[in-house]
Amino acid sequence: MLSFSDVRGIATTLATRAGSKLLAEAGDLVAATDSKRYHHNPYPVLERMRAKGPVYKGLSGIYALTSHSDCSQALKHPQMKVRPLPGKRDMFMTQTNALEGSFVLMDAPDHTRLRRVTAPAFRPKMMRQLRGKIEATTHRLLDQLGSEFDMMTDFAGPLPITVISDLLGIPDADTARFARYGMVIAEALDGLSTPAKVREYNAAYADIEQLFTRLMAERRTDPGDDVISVLVTAEAEEKVTTDELMTTCMLLLLAGFETTVNMIGNATVLFSEHPDQWDLLKAQPDLAPDAVEEVLRYESPVPVLTRFAHERVELGGGVLPAGVAVLFMIGAANRDPAVFPEPHRFDITRTRTVEHLAFGGGVHYCLGAPLSRLEGEIAFRAMAERFATIKLTGEPVRRLSSTIRGFSTIPVRV
Ligand code: HEM
């Protein structure tokens, strides 16, 4: 049975899509980013946007930033917030956003408090402890592969989900269920347009919530060294509420899983399209950390970030009036010729003078960046050492998502 809010959610998703189509037909480049053609190849639209100046204003009043320097400057600006001004509508929020209530969608002081409680799980010492486990998981998964398989379901998906399950202390028996429902919930970040999808989402959300509730209860009486144990200790010290604990777990599941999966998938397609770069990595597996950075720059798994200007903000390339909604076009900033010479060339030996913005910037800079860099380095090195070749055996299926850039299926022969 669908609730009134579910039905309103479907109506909002459909209305937003229809509105975008009309605006795009009228020449609005922000609305043009909500289309199949854009998801397949966003770069022509992003270049047209860049050509109109670093601060683009769409017909709907939404602003979009395309330059690397304006994006970095605005992400660090204290008055660029994830929440709109009081009383203003949050036009970026979908009805089924499992990240709602989590600290990635909070501003200070709550964001600061919750990030501080969670941050110890990602310290260098923890990363050093995780390395051996991630290497073992990577090789176990690769051992099970034949010469032809689907990269997404057989390797790119299982590796990060196993790592995040370990981090959260999810028992092995629950991992498959956790992965399946995690995918349903992640898909809903773009909004849901049919009753069947809403029902599937509601069931998945309830199930994951139940799993986290059980794990929290277990860790309260029998703490371990996982993140849930860290969080329930903070709850006992009254630094976080039980609701915040739940939304933080949901954030770690989604952020830790969806993004890294697509980094590995995007790398697979890029290496199959650029055999010279694959040969280079095979000859020098120590280039794996550089390959991670170039894959993240060239095809960022999180292609757009959103903020609201709480006061007039002056940037190098223009002005954002107080109250406006702003899109950070990460795909454009990461191919900005002002900071990345020959930006449309995929080159794992590229000299890096500035960091790409695939992990965002400012106070919300990705907390899991050290973990995903570690996973990427281990995965790319192992792939280079073990795969003789990397060839597509069919057309990869692109995900038609505005929030995540990647593929659902990548058939390969190695
Ligand atoms: C290639 C992999 C990844 C990419 C590209 C990525 C990207 C991002 C980006 C762009 C943000 C900033 C969002 C914003 O400013 O609105 C972010 C935030 C975050 N990421 Fe990641 N992420 C990745 C992996 C991970 C992993 C593995 C984890 C944890 C297990 C993680 C946890 C988080 C958390 C908790 C935040 C919120 C930080 C805050 O609001 O203070 N991410 N990520």
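Observations
- Restricting the search to strands (runs of 3 or more DSSP E) fully inside the range 270-380 and requiring at least 2 residues that are without any contact (Cβ under 8 Å) to a residue 24 or more places away in the chain and within 11 Å of the ligand (Cβ to nearest atom) gives an empty result.
- Residues in the range 157-194 that are of a type in the set (Val, Ile, Thr), surrounded by fewer than 20 Cβ atoms within 10 Å (Cβ to Cβ) and farther than 17 Å from Thr403 by Cα: Thr175, Thr194.
- Subset of the range 114-157 (residues that are closer than 22 Å to Ala388 by Cβ, not aliphatic (A, V, I, L, M) and not in a helix (DSSP H, G or I)): Gln144, Gly146, Ser147, Glu148, Phe149, Asp150
- Tally of residues being free of Cβ contacts under 8 Å to residues at least 12 places away in the same chain and more than 22 Å from the chain's Cα centre (by Cα) across the range 111-146: 9
- Residue tally, condition within 14 Å of the ligand (Cβ to nearest atom), in contact with a strand residue (DSSP E or B) (Cβ under 9 Å, 6 or more places away or on another chain) and open to solvent by 50 Å² or more (accessible area, probe 1.4 Å), over the range 78-93: 3
- Test: residue in the range 232-240 that is over 22 Å from Leu99 (Cα atoms), within 25 Å of the chain's Cα centre (by Cα) and at pLDDT 90 or above: no
- Out of Asp107, Asp34, sole residue that is touching a helix residue (DSSP H, G or I) at 6+ places or on another chain (Cβ under 9 Å) and modelled with pLDDT of 95 or more: Asp107
- Criterion: modelled with pLDDT under 95 and either open to solvent by 20 Å² or more (accessible area, probe 1.4 Å) or in contact with a strand residue (DSSP E or B) (Cβ under 9 Å, 6 or more places away or on another chain) (or both) - qualifying residue of Leu65, Leu75, Leu99: Leu99
- Given (1) over 30 Å from Ile348 (Cα atoms); (2) among the hydroxyl-bearing types (Ser, Thr, Tyr); (3) within 16 Å of the ligand (Cβ to nearest atom), index of the condition Thr233 fails: (3)
- Filter result (surrounded by fewer than 14 Cβ atoms within 10 Å (Cβ to Cβ) and assigned to a helix (DSSP H, G or I)) within the range 214-239: Arg214, Ala217, Thr221, Ala236
- Some residue of the range 336-343 being at pLDDT below 95 and over 22 Å from the mean Cα position of the chain (by Cα): no
- If you go through the range 186-205 and pick out every residue that is within 18 Å of the chain's Cα centre (by Cα) and not in a helix (DSSP H, G or I), you end up with 1.
- Of all residues in the range 111-123, those satisfying the criterion of being more than 16 Å from Ile228 (Cα to Cα) and either within 10 Å of the ligand (Cβ to nearest atom) or open to solvent by less than 70 Å² (accessible area, probe 1.4 Å) (or both) are His111, Thr112.
- All positions within the range 280-322 that are surrounded by 15 or more Cβ atoms within 10 Å (Cβ to Cβ), out of contact with any Ser or Thr (no Cβ under 9 Å at 6 or more places or on another chain) and of a type in the set (Gly, Ala, Ser): Ala288, Ala291, Ser300, Ala309, Gly318
- Asp154 being more than 16 Å from the ligand (Cβ to nearest atom), buried (at least 16 other Cβ atoms within 10 Å of the Cβ), free of Cβ contacts under 8 Å to residues at least 40 places away in the same chain and farther than 25 Å from Asp222 by Cα: yes
- Candidates Arg381, Arg352, Arg373, Arg335 - the one that is in contact with an Asp or Glu (Cβ under 9 Å, 6 or more places away or on another chain) and surrounded by fewer than 18 Cβ atoms within 10 Å (Cβ to Cβ): Arg352
The values are calculated or read from the model by the stated rules, or taken from the named source; none is laboratory data. Note that the structure is predicted; figures quoted are calculated from it, not measured. Counting neighbours? That spans all protein chains shown, and the Cβs are built from the backbone with ideal geometry, glycine included. Side chains included, ligands, DNA and RNA excluded: accessible areas come from the protein's heavy atoms. Shrake-Rupley method; radii C 1.70, N 1.55, O 1.52, S 1.80 Å.
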